[in-house]
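The values are calculated or read from the model by the stated rules, or taken from the named source; none is laboratory data. Fair warning: this is a prediction, and the values are worked out from it, not measured in the lab. Using ideal geometry, Cβ is built from the backbone for each residue, glycine included, and neighbour counts are taken over all protein chains shown.
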Amino acid sequence: MSISSDSSGRPARGWYKRNEIAITPWLFLAPGVFFFLIYVIAPIYQSFSLSLYDWNGLGDVATNGTYVGMENYNKLFGLNGERADRNFQISLWNNLKWLLLYLLAIPGGLFIALFLNQTVRGIRIYKSLFFFPFVISQVVVGLVFTWFYLPDGGLFTVILDWFGLEIRGGVLGNRTAATYGIIAAGLWPQAAYCMILYLTGLNAVDPEQVEAARLDGAKGRKMLWYVILPQLKPATFIAFVVTIIGALRSFDLVSIMTGGGPFGSTRVLSFYVFEKSLSERGLQYGYAAAIAVVLFLIMLVFIAYFLWSMYQDEKEAR
């Protein structure tokens, strides 16, 4: 039996051996890419497809559904003579409120992390207390804040009474204040999560750079702005992405604390999707899919921006 060899007389290597360095990473990535396609890309495609139908969720969409094209989107935005969906507008506006105010969790988590990043007596107890909101369920957070906001005997109401203030109907019963009350409840565990990210980042801060900055006279705000924060960019990026996604998919707290009320004033897009699809007033799966697509596109814009920013930073670092 003869063995083929190259011009130097050595046995010729097979195709895989010749391309092993290029192929091996893709072999490791293949399972993840496969599941990503099945469980992420395929549902996104199905949502886009379903949004073009009028379907009540019974039977197969191709058989029992009616293809309506962009009609669901026309109803959402009031295009082509359709009347704009007022509930969708309220939900979208509430999501923007969530988006802007939820970002307060990032500086909040940073300052808590800076406070806890010290070697003082009892610091582990403080860390546990600040970490606690992150490990408890959002349902528990919602119930705790619902009791906190009770108009009769709630701690927040008692505090307002001390200052001679009053919110008519209580926080969660007031159309103006209810959304802000729910956002405040969400900030509690979200700030704890950002704190964890920044504590991890602070452990990776280069002590030599800090010492060199001290020798140059940098301290306080200058030390934080010019030395610490630049090294916390990876943690800040993750905190931004996670916080934005959390703000846009804010469903559980709204469901637990107000159920979308009072009078639909605290609806967000994710909760409106639920109302239009799975609730007793729903069974409009095509319309709900159109709302979900809008929510996905909003989320995609922010994530794409942050990914692009991270890519540019890495490109400049090279």
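Below are the figures for this structure:
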read-out: Some residue of the range 100-112 being more than 21 Å from Phe240 (Cα to Cα), without any contact (Cβ under 8 Å) to a residue 40 or more places away in the chain, surrounded by fewer than 12 Cβ atoms within 10 Å (Cβ to Cβ) and in the same structural domain as Arg249 (by TED's automatic domain parsing); value: no
read-out: Pair list, Cβ under 9 Å, 6 or more apart: the range 13-40 residue of a type in the set (A, V, I, L, M, F, W, C), other residue modelled with pLDDT of 90 or more; value: Trp26/Val33
read-out: Within the range 149-175, considering residues that are surrounded by fewer than 18 Cβ atoms within 10 Å (Cβ to Cβ) and in contact (Cβ under 8 Å) with a residue 24 or more places away in the chain, the one farthest from the chain's Cα centre (by Cα); value: Gly169
read-out: Output for the range 196-251, where each listed residue is closer than 22 Å to Phe302 by Cβ, in a helix (DSSP H, G or I) and of a type in the set (Gly, Ala, Ser); value: Gly201, Ala235, Ala239, Gly246, Ala247
read-out: Residue that is modelled with pLDDT of 85 or more and closer than 22 Å to Ala178 by Cα, where the choices are Phe115, Phe77, Phe111, Phe156; value: Phe156
read-out: Candidate set from the range 246-283 (those that are under 28 Å from Phe134 (Cβ atoms) and among the charged types (D, E, K, R)); member that is modelled with the highest pLDDT; value: Arg267
read-out: Neighbours by Cβ (under 7 Å, 6+ apart or cross-chain): first from the range 121-135, in the same structural domain as Leu253 (by TED's automatic domain parsing) and of a type in the set (S, T, N, Q); second surrounded by fewer than 16 Cβ atoms within 10 Å (Cβ to Cβ) and in a loop (DSSP other than H, G, I, E, B); value: none
